[in-house]
Every structure is written in C-alpha cells, then in structure tokens.
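Reviewing the structure listed below.
The values are calculated or read from the model by the stated rules, or taken from the named source; none is laboratory data. If you're wondering where the values come from, they're calculated on a predicted model, not measured in any experiment. Backbone-built Cβ (ideal geometry, glycine too); neighbour counts: all protein chains shown.
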Amino acid sequence: MLHVVSTFELKTDTKWLLSLLGHVDRHRVDPSIACMYGGGAMRKRFESLGIETADFASPGEIDLSAAARIYRYIRSGRFDVVHTHLLRADLYAGLAARLAGTRAIVSTVYAIGPYRRSRRRRLDGLLDQLTRLWPTHLVAVSEAVRADCGRRLRWPASKVSVIHTGIEPGEYGACEPARRRIRAEWGFDQTAPLIVTVARLSYEKGLPTLIQAAGELSDRHPSAMFAIVGEGPMRSELAAQIDSLGLSETVRLIGFRTDVPDVLAAADVFCLPSRMEGMPNVLLEASAARVPIVATRVGGVPELIADNVTGLLVPPGNADALAGAIGRLIEDPSLRDRLGQAARRQVEQEFSVSAVAEKYQALHESLAAGIA
C-alpha cells in the first residue's frame, strides 16, 4: 500500500504515520510513503524502517503535472491501497489513484468543517467536493469528524470508519531532570504552577481565550506561569495581547519544540482551549504524561476526555470557565493526581499505537479484498 502526505517535514501527520508504520505487520502489509513537496527530515526516519519513499516535487498548490507524476508511480500496479492525508495529497494523489484504477482509495479526515485547514480559501467548498469524488472510503479520526463528513460531504456512514490516532505511552511520563531543565531554560521558578499548551498558533486553537484566562488568574494565583509552545500565523497578535494585558512575565510564547515529552514533564497542568478539534493528538500525549488536562468541549475532545474523570471540560471561548478549571487544578493536588492517573490508564488501554495499527491493518486488508 501507499501513503501520500503533503511533506516529510516534522508534523502531526508524519509523526503519527511514523509510529503507525513502525507497528504494522510486514507479513500482512507492505507500506510505502510519498510526499507531495519539500522532502523533509522525516524521510530518513521512514527509510530507517525499511519503507520505500518518494517525493513528487510539487511545490505549487496548482500543479496538474503532479497528478501525472503520481499516476505513473501508482500505475506500476503494485499498490492495492492508496491512502492520502490532507488536502494536496487528497486532491492530486486521490485523482491519480482513481485514474490508475486502484481498487481501494482511502482518505483520512483529521478535522471538522471550516477548521480543517490553517488558511481559509474561497474555493474550500469546491475543493472539499472535488476531493470527495476520489476516495472509495474515508477514515475519520473521531466520531465527531465522521458526523461532520455525513453532514457536510454527505458521505454514508458505511463508507466512513472511525479510527482514533494513538501514541507510544512509554515515551511519556514524569522526569525530574527534564522538568528542572525545561523550567530553567524558560526562566520559570522550579516550584511555580506551570500551565502548558502545545498548539499551532492559529485561530482554531483558541489561544486568546487562554491568555485572557491567565490574566484573570493573575490575582488569585500570582505565581502561576503559562507556556504556549508552538509557532503559527497568530504569533504577533498573541504577543500584542500578552503585552496589552501586562502578562509578559507570566505568559511566554516559547516557539516550536521537538522535545514534547520533556515539555510535558515540566507542566503541572495542560490546557487546550480550542474552538474546534477533530482528535487532538496532544491530549493523548498529555494523558500519557499524566499531566491533568483542561480542554474545551468541542469536536472529538469528549471522546478522549471524560469531564472530572480523565480531565476537566469547559465551553469554548469562555475565559471565566477556563480560568476556574485551571485554578481548581492548581489548588487541588489530589485532583491533579487522580485525573492524570486515570488519563494515563485510558491511553494505555484504548489509544496505544499498537492497538490502533491493528485496526488500520484490518481495514486496509478488507478494502484490498473488496470486503469493506
């Protein structure tokens, strides 16, 4: 089978596929992976697993010749399944696979409606309808995403499988040296309550609400610190909001990090204030690290977080509720421990990458056999 991604840069989808393909049974599935443009550091990591890679060298968003290159690659006839990930791969690789007569063409849908892409285009609706024409099956990363596929794209439920993403729980957990190192690097007191989020700095992540909540907490918990880890188009806007609220000593924009397990080891609370989510992998990471979570009740989040069981859920866009939930965790160590331990158990039981890989293998085999 062939997976097609946008780029081999270090991104959520490539990190996930590296974990997934590392767990497939090579006696059952022979995977290859290709990117649409740009190469990237992840290519060598896929190749280190003995996986064939290809780069279709299509830097422009509009490049019909890319479909021709992909068609020639697929037309070799050795692929029973082509599985595409994200818009450009969905559009061009999906079309090429359809023209090549590939039996099973799968597309993973990671997000919901207008939040599916970091940049909105006037043609988004048309692009969605075009990409709907190519696949024979969809994988939705949550029940919420499957419901959106039915409402927005009119896909029948029988043609949409829900397979949650997964992680390696053993890569996450308490690490006192990492906790001390990260806090020292960021200039935070070793004993101060530290609230962390890891997210792209874009509109769907709801980060202005988190900054507003930090301002509301500053009187009640003056020692609390906030670290926003990630990069994105809203960085200057968020920096201006932090300055305008006088929070430059309390809220830090950390930038992009590759050492997320160490970042989570430094946190006392993890917060994801998103306006919408499909299935946020970072909540699995925080859960595996036993960091108590405050998140918004949107999209697929309630499929991961049960309120007051494996985390605390609040309405989106409500800074008061967000501040209240964070404050509750700061004030109650036993609650932090209970939520963190329960979340870790859930990840081990339901969201380990080995269990998820088995679901993907079974789906791909049934599609290749014409059963699904």
- Message: So PRO177 ticks every box in (1) outside the structural domain of LEU21 (by TED's automatic domain parsing); (2) in contact with a Ser or Thr (Cβ under 9 Å, 6 or more places away or on another chain); (3) closer than 23 Å to SER287 by Cβ but one. Which box is left unticked?
- Response: (2)
- Query: Counting only residues that are within 15 Å of the chain's Cα centre (by Cα), under 15 Å from GLY206 (Cα atoms) and outside any helix (DSSP H, G or I), how many does the range 295-304 have?
  - Reply: 3
- Query: Which numbered condition trips up ASP90, out of (1) farther than 20 Å from PRO135 by Cβ; (2) of a type in the set (D, E, K, R); (3) crowded, with 18+ Cβ neighbours inside 10 Å?
  - Reply: (1)
- Task: Confirm whether VAL29 is in contact (Cβ under 8 Å) with a residue 24 or more places away in the chain, β-branched (Val, Ile, Thr) and crowded, with 21+ Cβ neighbours inside 10 Å.
- Result: no
- May I ask you to list the residues in the range 172-193 that are part of a helix (DSSP H, G or I) and either modelled with pLDDT under 95 or surrounded by 12 or more Cβ atoms within 10 Å (Cβ to Cβ) (or both)? ALA178, ARG179, ARG180, ARG181, ILE182, ARG183, ALA184, TRP186
- Task: Report, by residue number, each residue of the range 192-219 that is over 14 Å from GLY230 (Cβ atoms) and among the acidic types (Asp, Glu).
- Result: GLU216, ASP219
- Query: How about the range 103-119: which of its residues are over 21 Å from the mean Cα position of the chain (by Cα) and either in a strand (DSSP E or B) or modelled with pLDDT of 95 or more (or both)?
  - Reply: ALA104, ILE105
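For the range 338-352, name all the residues that are in contact (Cβ under 8 Å) with a residue 24 or more places away in the chain and out of contact with any helix residue (DSSP H, G or I) (no Cβ under 7 Å at 6 or more places or on another chain). Lay out the reasoning, then the answer.
Going residue by residue through the range 338-352, those that are in contact (Cβ under 8 Å) with a residue 24 or more places away in the chain are 339-344, 346-348, 350-352.
Result: LEU339, GLY340, GLN341, ALA342, GLU350.
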- Message: Can you pull out every residue in the range 131-155 that is without any contact (Cβ under 8 Å) to a residue 60 or more places away in the chain and assigned to a helix (DSSP H, G or I)?
- Response: THR131, ARG132, LEU133, ARG146, ALA147, ASP148, CYS149, GLY150, ARG151, ARG152, LEU153
- Query: Before we move on, is VAL162 within 29 Å of ALA355 (Cβ to Cβ) and touching a residue at least 40 places away in the same chain (Cβ under 8 Å)?
  - Reply: no
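Can you tell me which residue in the range 285-308 is surrounded by the fewest Cβ atoms within 10 Å (Cβ to Cβ), limited to those that are within 10 Å of GLN341 (Cα to Cα) and not polar (S, T, N, Q)?
We begin by selecting, within the range 285-308, every residue within 10 Å of GLN341 (Cα to Cα); these are 287-292.
This time we only want the ones that are not polar (S, T, N, Q), so: 288-292.
Values: ALA288: 25, ALA289: 26, ARG290: 22, VAL291: 31, PRO292: 30.
Result: ARG290.
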- With the range 1-90 as the region, which helices (runs of 4 or more DSSP H) entirely inside it contain at least 3 residues that are within 24 Å of HIS137 (Cα to Cα)? 12-21, 64-74
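When the residues of the range 312-352 are filtered to those that are polar (S, T, N, Q) and surrounded by 15 or more Cβ atoms within 10 Å (Cβ to Cβ), which remaining residue is nearest to the chain's Cα centre (by Cα)? Before the answer, list the steps.
Kept after step one, since they are polar (S, T, N, Q), are these residues of the range 312-352: 318, 334, 341, 346, 349, 352.
Next cut, surrounded by 15 or more Cβ atoms within 10 Å (Cβ to Cβ) only: 318, 346, 352.
On the way: ASN318: 23, GLN346: 18, SER352: 15 Å.
Here the residue is SER352.
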- Task: Inspect the range 251-261 for any residue being more than 20 Å from the chain's Cα centre (by Cα) and within 30 Å of ASP148 (Cα to Cα) and give the result as yes or no.
- Result: no
- Query: How many residues does the range 213-238 contain that are over 29 Å from THR12 (Cβ atoms) and among the polar types (S, T, N, Q)?
  - Reply: 2
- Note on the structure: Taking the range 270-294 and keeping only residues that are outside any helix (DSSP H, G or I), over 15 Å from LYS15 (Cβ atoms) and in contact with a Phe, Trp or Tyr (Cβ under 9 Å, 6 or more places away or on another chain), one is left with CYS271, SER274, ARG275, MET276, GLU277, GLY278, ALA289, ARG290, VAL291, PRO292, ILE293, VAL294
- Query: Among the numbered criteria (1) in contact with a helix residue (DSSP H, G or I) (Cβ under 8 Å, 6 or more places away or on another chain); (2) under 23 Å from THR14 (Cα atoms); (3) buried (at least 19 other Cβ atoms within 10 Å of the Cβ), which single criterion is violated by HIS364?
  - Reply: (1)
